[in-house]
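Just below is one structure, and these are the notes that go with it.
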Amino acid sequence: MRVLVTGGCGFIGSNLVRLIRAIRPAWHVTNLDLMTYAAHPDGLSDLAQDPQYRFVRGDIADGPLVQDLARNVDGILHLAAESHVDRSIVDAAPFIRTNVDGTRVLLDAARRFGLRFLHVSTDEVYGSLGPTGSFTEATPLAPNSPYAAAKASSDLLVRAYRETYGLDAVITRCSNNYGPYQFPEKMIPLFVTRLMQDQSIPLYGDGGNIRDWLHVQDHARALLLSYENGRGGEVYNIGARNEWTNLALTHELLRLMDKPHSLIQPVTDRLGHDRRYSIDPSKIEQELGWFPTIPFTGGLVKTVAWYQTNAAWWRPLVSQASLARVPADADGSNDDRSPACAS
Ligand code: NAD
Ligand code: TYD
């Protein structure tokens, strides 16, 4: 089996590439990654001598390059994306280009060469839930952020290529991931790395927003399984039934790291901030036999420990993680932004 993985130098992609190399040793993996700010700076250099692994630095929106790579593989596992909601609120353009047009380029190549296509979507395409209920695969798409809208657009393009051309495509929609090598602009690594430096942690709004957390290695296993055994044309939700308010999770991080609550800095809420995500993973559990294996408390302890022992990895990235968040205030004032959110 020869596969093209896109975004293999990102947080989830790198975990997936390592999983494939570990448990599918006969497979050949080509990793196409543009090496944006979010990529591992060393580009998985530890795999450089692996004859079954090839890294190509390039853009998924580059048609000739993608066609060239696609003619030599059996399938595509597509993870490359602009992935951070706050950045999409500042500027949606790269999100449309990569997430929508880049996906279209890959789909055209998959269609031309008759490839299997795994599209890695997200639960954010479903929008926001009230206090009860969970997203199923039949929940209508109602994205609220430019990031989620771009992901929903690509998700629908995959569906259209399946319906129109009979493309052998599977879509997965996963909940929030955590674990090692996550870029320190996302909530958990941002908070952990700031707490390590005794800096304040910017909690958006009232902290009551709910996210459903899954360890990245459990997600990677679900992706490989969906690629190998998922039914063409199907969507699979992925999640661990593990909902936390941001405030409760913040308290848990403070407890694990033995830091004072005074480091919590309430800041202006994210624009259009989705209140609650909750994934119903019954379909992938029943159909593909996937279940999460890493309990959240243990996974979180190990993740905190990973950031504590790998400061050399995240320290150079922290300056790039200082985002230009759009102030919610109509007058453009942003006085309550923490240093982490200042441009
Ligand atoms: P990430 O931001 O950590 O990594 C994205 C990778 O894609 C980077 O290596 C980047 O260099 C690469 N990339 C960006 N634009 C590219 C382009 N035009 N051409 C080639 N490569 C490009 O993202 P992640 O958190 O690993 O997410 C991976 C996928 O999983 C995304 O599609 C995302 O929507 C989806 N997802 C993420 C989560 C999560 O919690 N992180 C949850 C569900 C789904
Ligand atoms: P994030 O990690 O950006 O993931 P997503 O927006 O894809 O869910 O954010 C997770 C939650 O944490 C979300 O409700 C927003 C909140 N959050 C903060 O309160 N402060 C922060 O600095 C960040 C980045 C996120």
Among N15, N72, N242, which one shows the highest mean-square fluctuation when the chain is modelled as a Gaussian network with alpha-carbon springs under 10 Å? N72
Which one of A152, T164, N177 is farthest out on the positive end of the charge dipole of the chain, using unit charges on Cβ (Lys, Arg +1; Asp, Glu -1) and the Cα centre as origin? T164
If I take all pairs of Cα atoms in segment 177-277, what percentage of them are more than 20 Å from each other? 47 percent
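Compute the relative contact order of the chain as a whole-number percentage, counting only Cα pairs closer than 8 Å that sit 6 or more residues apart in sequence. All intermediate terms of the calculation are to be shown ahead of the outcome.
Working: 674 pairs, mean separation 60.9, N = 343.
Dividing the mean separation by the residue count of the chain yields 18 percent.
Rounded to two decimal places and with Rh computed the Kirkwood way over Cα pairs, what is Rg over Rh for segment 36-92? Please report the intermediate quantities before stating the final value.
Numbers: Rg = 14.1 Å, Rh = 13.9 Å.
Taking Rh as the inverse mean 1/r over Cα pairs, Rg/Rh reads 1.02.
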Under 12 Å from the Cβ of I20, count the other residues' Cβ atoms, weight Lys and Arg +1, Asp and Glu -1, and hand me the total. +3
Nearby aspartates and glutamates by direct alpha-carbon distance to K259 (threshold 14 angstrom, same-chain neighbours under 8 apart not counted): D198
So what's the Cα pair-distance distribution over segment 1-53, bin width 5 Å, in %? 5, 22, 35, 26, 10, 3, 0
Under 10 Å, Cα contacts only: if you run a Gaussian network model on the chain, which one of V170, V267, V125 comes out with the highest mean-square fluctuation? V267
From zero outward in steps of 20 Å, how is the percent of C-alpha pairs of the chain spread across the bins? 31, 60, 9
Candidates A61, A150, A248: whichever shows maximal mean-square fluctuation once the chain is modelled as a Gaussian network with Cα springs under 10 Å: A248
Got a sec? Charge dipole of the chain, +1 on Cβ for Lys and Arg, -1 for Asp and Glu; which of V90, P316, A80 is way out at the positive end? A80
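How much net charge surrounds V29 when only other residues with a Cβ under 13 Å from its Cβ are counted (Lys, Arg +1; Asp, Glu -1)? Mind showing how you got there, number by number?
Numbers: positive: R2, R18, R21, R24, R54; negative: D33, D50, D74.
So the surrounding residues net to +2.
Counting DSSP beta bridges with both partners in the chain, what percentage is antiparallel, nearest 5? Kindly include the intermediate steps, with their values, before the conclusion.
Numbers: 3 of 41 bridges.
Of the beta bridges lying entirely in the chain, close to 5 percent run antiparallel.
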Mean separation of Cα contacts under 8 Å, 6 or more apart, over the residue count of segment 1-159: relative contact order %: 22 percent
Could you tell me what a quarter of the Cα convex hull surface of segment 87-242 works out to, in nm² with one decimal place? 10.4 nm²
How large is the helix-only mean residue ellipticity at 222 nm for the chain, computed as the sum of -39500 (n - 2.57) over DSSP H runs with n ≥ 4, divided by its residue count, in deg cm²/dmol to the nearest 500? -10500 deg cm²/dmol
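Which loop chymotrypsin sites (Phe, Trp or Tyr not before Pro) in segment 146-201, with loop taken from DSSP, have no more than 13 other Cβ atoms within 10 angstrom of their Cβ?
Answer by residue number: there is no such site.
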If you average the C-alpha positions of segment 16-79 and of segment 222-300 separately, how far apart do those two centres end up, in angstrom? 26 Å
Could you list the trypsin sites (Lys or Arg not before Pro) in segment 43-135 that lie in coil according to DSSP, counting only those with at most 15 other Cβ atoms within 10 Å of their Cβ? R71
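If you average over every viewing direction, what projected area does the convex hull of the Cα atoms of segment 262-318 give, in nm²?
On the way: hull surface 29.5 nm².
Over every viewing direction, the Cα hull of segment 262-318 projects on average to 7.4 nm².
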In a solvent-free Debye calculation with one equal scatterer on each Cα, what is log10 I(q)/I(0) for segment 1-118 at q = 0.17, 0.18 Å⁻¹, listed in the order of the q values? -0.79, -0.88
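How much net charge surrounds D168 when only the other residues with a Cβ under 15 Å from the Cβ of D168 are counted, with Lys and Arg +1 and Asp and Glu -1?
Numbers: positive: R111, R112, R116, R159, R162, R231; negative: D74, D108, E163, E228, E234.
Net charge around D168: +1.
Every number in this text was worked out from the coordinates using simple rules, so none of it is lab data. All figures in this text were calculated on a predicted structure; none of them were measured in a lab. Note: ideal-geometry Cβ built from the backbone for every residue, glycine included; neighbour counts use all protein chains shown.
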